[in-house]
Every structure is written in C-alpha cells, then in structure tokens.
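S.K.: Okay, here's the structure, questions in a sec.
Nothing in this text is a laboratory measurement; each read-out follows from the coordinates by a stated rule. Predicted model, so just to flag it, every value in this text is computed and none were measured. Cβ placement follows ideal geometry from the backbone for every residue including glycine, while neighbour counts extend to all protein chains displayed.
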Amino acid sequence: MTAPAGAIVSLYVDLVAPVAIDDIIETHTGRLYRVLAVRVQQRGKHAGRQHLRCLVLDGDDTAVGSTIHRIRWYKRGRSAA
C-alpha cells in the first residue's frame, strides 16, 4: 500500500553515509521523502541502521539545497494474508 503525499512514514536504511534532518530519500521509482527525524541503532544484529521518520513528498516538491540519498527496497518475504 502506498502512503499519500503529506503522510508521515517510518523507514529504515542501511546506508554508509549519515542521514540528517531535511535530507531527501529517493527510491528507484522516483518517490521522494523528506527526513524529519533520525535514530541510529546502537546495538543488535543491525547496529548502525538508521531509523527515519519521513514526510512523503508530492511529485512537484523540489529538493533544492538538500542532500539526496538514493535507496533500493529490500525484497520482502511472502505475507501470510
């Protein structure tokens, strides 16, 4: 299910580069998210993973002056639904 523009969503990324507030996350489909909050996982299997709260941007929104991080989604397992 796709969140509409203006929605607040949670994402996590396994990037080497640090993500900062107001950076832009761009998926391979061209969808844009503005980062509102960042938490870096300190312990466990995925230490270093960045947990993000993001605003889904409209296609008309521009990312002038923001750092853009391009990501690809992980393949998901089959759901039981």
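S.K.: For the stretch 61-81, give me each residue that is among the β-branched types (Val, Ile, Thr) and either under 13 Å from Val13 (Cβ atoms) or in contact (Cβ under 8 Å) with a residue 40 or more places away in the chain (or both).
M.R.: Thr67, Ile68, Ile71
S.K.: Something else now. Report yes if some residue within the stretch 28-37 is at negative phi and in contact (Cβ under 8 Å) with a residue 40 or more places away in the chain; otherwise report no.
M.R.: The answer is yes; a qualifying residue exists.
S.K.: Tyr12 - would you say it is without any contact (Cβ under 8 Å) to a residue 60 or more places away in the chain, among the hydroxyl-bearing types (Ser, Thr, Tyr) and part of a strand (DSSP E or B)?
M.R.: Yes: the conditions hold for Tyr12.
S.K.: Output the residue which, of all residues in the stretch 25-79 that are among the hydrophobic types (A, V, I, L, M, F, W, C) and farther than 19 Å from Gly6 by Cα, is farthest from the chain's Cα centre (by Cα).
M.R.: Selected residue: Ala47.
S.K.: Of the residues in the stretch 15-38, how many are polar (S, T, N, Q) and not in a strand (DSSP E or B)?
M.R.: Going through the stretch 15-38 one residue at a time, the tally reaches 1.
S.K.: Taking the stretch 1-43 as the region of interest, how many residues are surrounded by 15 or more Cβ atoms within 10 Å (Cβ to Cβ), farther than 20 Å from Lys75 by Cα and not basic (Lys, Arg)?
M.R.: Residues flagged as surrounded by 15 or more Cβ atoms within 10 Å (Cβ to Cβ), farther than 20 Å from Lys75 by Cα and not basic (Lys, Arg) within the stretch 1-43 amount to 5.
S.K.: With the condition kept exactly as written, say whether any residue in the stretch 39-49 is over 18 Å from Arg70 (Cα atoms), of a type outside the set (A, V, I, L, M) and assigned to a strand (DSSP E or B).
M.R.: Checked the stretch 39-49: at least one residue is over 18 Å from Arg70 (Cα atoms), of a type outside the set (A, V, I, L, M) and assigned to a strand (DSSP E or B).
S.K.: Would you say Asp58 is of a type in the set (D, E, K, R), at negative phi and touching a Leu at 6+ places or on another chain (Cβ under 9 Å)? Before you say what the answer is, go through the steps one by one.
M.R.: Numbers: of a type in the set (D, E, K, R): yes; at negative phi: yes; touching a Leu at 6+ places or on another chain (Cβ under 9 Å): yes.
When the stated conditions are applied, Asp58 passes them.
S.K.: Moving on. Out of everything in the stretch 44-60 that is surrounded by 10 or more Cβ atoms within 10 Å (Cβ to Cβ) and free of Cβ contacts under 8 Å to residues at least 40 places away in the same chain, what residue ends up being nearest to Glu26 (Cα to Cα)?
M.R.: By that ranking, first place goes to Gln50.
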